[in-house]
Amino acid sequence: MIETIPQHGYLLLSTFLFCIGVIGVLFRRNAIIILMCVELMLNAVNLLLVSFSAYSQNSDGQVFVFFIMVVAAAEVAVGLALLVSIYRNVMSTDINVLSKLKG
Amino acid sequence: MTQYLFYLLAALSVISALLVVFSKVPMYSVLWLVVCFFTIAGHYIILNAQFLAIVHIIVYAGAIMVLFLFVVMLLNLNKENEQHKNNWIRFAAVVSGGILFLTLIAAMRSTEVLAYNLPPKSEIGFVQNVGMKLFTDFVLPFEISSILFLSAMIGAVVLAKKDKN
């Protein structure tokens, strides 16, 4: 079914998605959008792993993707809880407000 | 046929990912991210990873994005008066992302990835094969990830709990 698609297509697509995630992390000031861009980067890596797994006929890569999903879910839960407690203290999710460690 | 489907899904996922970054309202970003995750699930189905496609839809679109939507609504962020970084920093962000893209593409062109151009078997993505791998070779990481989930759950509850004073 997939032999008509060269693997370079998947390499290019996942690289591009990863770079969009990086640009989003650098571009936005809202901490929730930054977390979403981190999710985007994780998904780009997942897509790359699945494509290598499919083209090399080995399902180890799909197991790795499963574990990445586990870690991503845990990360989002803890990150959003942190954001809620930050919002309670400073009434904002702007990352420029959170510069107290700068001294 | 499959090729056109791939190009359609790729264009959709790139456009929705760009809209996640550049849309003004946080709620729209969340909804475009849901679209992006569905197109990535479509890519998994094209790549014969049916189990992962279903798990991806359930975990991302069903659990993670609901969490994001819940927090955006709870914190009442659905307004357009978000402060932006100044123009120089935004320009530098786009330029550095583009440079990263160029570097990765150049590194990819100089490596030999064509060793894997076999036509893939269709059954490596089934629940049976992935589950066999998961419960024989990877059984220790699988159990450790359950401990990770438990600690993440406890941590999230403790962090989001309101202080009494």
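The values are calculated or read from the model by the stated rules, or taken from the named source; none is laboratory data. Quick caveat, the model's predicted, so the values are computed rather than measured. So basically every Cβ, Gly included, is an ideal-geometry build from the backbone, and we count neighbours across all protein chains shown. Surface areas here come from the heavy atoms of the whole protein model, side chains and all, with no ligands, DNA or RNA. Shrake-Rupley method; radii C 1.70, N 1.55, O 1.52, S 1.80 Å.
To put it simply, the accessible area of chain A at a 1.4 Å probe is 71 percent carbon and sulfur. Computed over every Cα-Cα pair of the stretch B:1-79 and binned at 10 Å starting from 0, the pair-distance distribution P(r) comes out as 20, 43, 28, 8, 1 percent. Placing dummy labels 7 Å off each Cα toward the beta-carbon, the span from B:Met73 to B:Lys24 is 2.3 nm.
Per-residue mean of foreign Cβ neighbours for A:31-38 is 5 (Cβ atoms of other chains, 10 Å radius). Surface analysis of chain A yields an accessible area of 37 Å² per residue, using protein heavy atoms and a 1.4 Å probe. Within 10 Å of the Cβ of each residue in A:84-94, the mean number of Cβ atoms contributed by other protein chains is 4. Taking the accessible area of the stretch B:122-165, probe 1.4 Å, and keeping the other protein chains in place, the carbon and sulfur fraction comes to 69%.
Projected onto its three principal axes, the C-alpha set of the stretch A:23-92 covers 51, 24, 8 Å, listed from the longest axis down. If I model chain B as equal point scatterers sitting on the Cα atoms and use the Debye formula, what is log10 I(q)/I(0) at q = 0.09, 0.11, 0.18 Å⁻¹? Here log10 of I(q) over I(0) equals -0.50, -0.76, -1.36.
Of the solvent-accessible surface of the stretch B:1-79, computed with a 1.4 Å probe over protein heavy atoms with every protein chain present, carbon and sulfur atoms account for 79 percent. Run through every distinct alpha carbon pair of the protein assembly as shown and return the Kirkwood hydrodynamic radius in angstroms, one decimal place. Hydrodynamic radius (Kirkwood, Cα pairs) of the protein assembly as shown is 19.7 Å.
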